[in-house]
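The values are calculated or read from the model by the stated rules, or taken from the named source; none is laboratory data. Keep in mind the model is a prediction, meaning the values are calculated, not measured. All Cβ positions, glycine included, derive from the backbone under ideal geometry; neighbour counts span all protein chains shown. Ligands, DNA and RNA are excluded from the accessible area calculation, which covers all protein heavy atoms including side chains. Shrake-Rupley method; radii C 1.70, N 1.55, O 1.52, S 1.80 Å.
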Amino acid sequence: WAVAHQGAGATAEPYGGLVGLAHPLKAGDCVVAEWGSGTRFAGTPTLTLDPTCADRAPDGQVMTFVPVASAAEARARGPAGCEERTRVLRGKLADVRAVAVVPSEAGFEAAGGRVACLVLGAHGPLYGPLDGFRKEGAAFTDVGTMQKRDCLRVPPARTALLVACSGPHDQQVLGFTRLGAGLTLAQAAKQQDEACARDVPPGDYGFDPSAYRAASLVGDLMWKTGAHFVVCTVRKQNGGTMEGVGP
């Protein structure tokens, strides 16, 4: 869907007064989306920036752009263009959607003649940067920014870290599954490994079952949004580290 404001009295703000940004969005900008009424998903949210991609529990991030010749073309082509340009990344994440932020008529030049493509959490904030904007060695605020084939160090009783797959790592992300909406986080902890072994078996990805086993991660922040997904990973049976990009 598209975020736009075409009402009377529109200013030269890039995306109109309702969106509320005084300057055009840039690649990597993290945003907080606030809906005045209705669900996340209907109406037009007001966007504000989170320069740190962490301090304000960002809902998502600007990942790419669709160049257009006019505001009318932005409205016509923006949503589909953003869907296509973010398709690969969205396929690597568990619970996201694409949102096109289109220029207003008055703000077309200020917006740089392009539609900004956001990837937002489908049920709530993502709590951090996405894809190439993440830093190697950084701790995940929550699991919403983990993506397929990420390699992780998972120290005991500590937050998972994103690390290079060419070096030692404890787990690798294979995919995602969902648990029942009525489960508490404590109840999920008793079921998540089994669910991942059933729904995302490491053997399907070429990992020898005699040496590797399914593992899993959940995050309390994402769980509270109602997005009851589990990050399914693979790890060594003997608890040792892995190296390399695959089995």
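Assorted remarks:
- Computed on the stretch 30-143, the Cα convex hull volume stands at 111 Å³ per residue.
- Set of lysines near LYS148 by C-alpha distance (under 19 Å), chain-local residues within fewer than 8 positions excluded: LYS92, LYS135, LYS236
- Linear extension gain, ALA139 paired with GLU194, 0.36 nm per residue minus alpha-carbon span: 17.3 nm
- Filtered GluC sites (Glu not before Pro), the stretch 67-163: DSSP coil and at most 13 other beta carbons within 10 Å: GLU109, GLU136
- If both residues of a DSSP beta bridge must be in the stretch 49-163, then about 100% of such bridges are antiparallel.
- The loop-placed trypsin sites (Lys or Arg not before Pro) in the stretch 178-242, going by DSSP, that have at most 10 neighbouring Cβ atoms within 10 Å of their Cβ come out as LYS190.
- Average accessible surface area per residue within the chain, 1.4 Å rolling probe, Å²: 45 Å²
- Each of VAL163, ALA211, GLY112 was placed along the dipole of the chain (beta-carbon charges, centred on the mean Cα), and the one lying farthest toward the positive end is ALA211.
- The relative contact order of the stretch 49-118 comes to 42 percent, based on Cα pairs under 8 Å that sit 6 or more residues apart.
- Relative contact order of the chain: 17 percent, from C-alpha pairs under 8 Å at least 6 residues apart in sequence.
- Both radii are taken from the alpha-carbon atoms of the stretch 89-207; with Rh as the Kirkwood radius, Rg/Rh is 1.06.
- Within the accessible area of the chain (1.4 Å probe), percent carbon and sulfur: 52 percent
- When Rg and the Kirkwood radius Rh are both evaluated on Cα atoms of the chain, their ratio Rg/Rh stands at 1.03.
- Sequence-distant contacts, meaning Cα pairs under 8 Å at least 6 residues apart, place the relative contact order of the stretch 126-213 at 20 percent.
- DSSP-defined beta bridges in the chain - what % are antiparallel, rounded to 5: 95 percent
- Long-range HN-HN contacts of TYR127 with modeled amide H, under 5 Å: none
- Summed residue charge, Cβ within 15 Å of PRO155's Cβ, Lys/Arg positive, Asp/Glu negative: +2
- Computed from backbone phi, the HN-Hα couplings of the stretch 212-218 come to 10, 9, 6, 9, 7, 9, 10 Hz, rounded to whole numbers (Karplus: 6.51 cos²θ - 1.76 cosθ + 1.60, θ = phi - 60°; Gly and Pro given as x).
- Per-residue SASA entry for THR177, accessible area with 1.4 Å probe, Å² rounded to 10: 20 Å²
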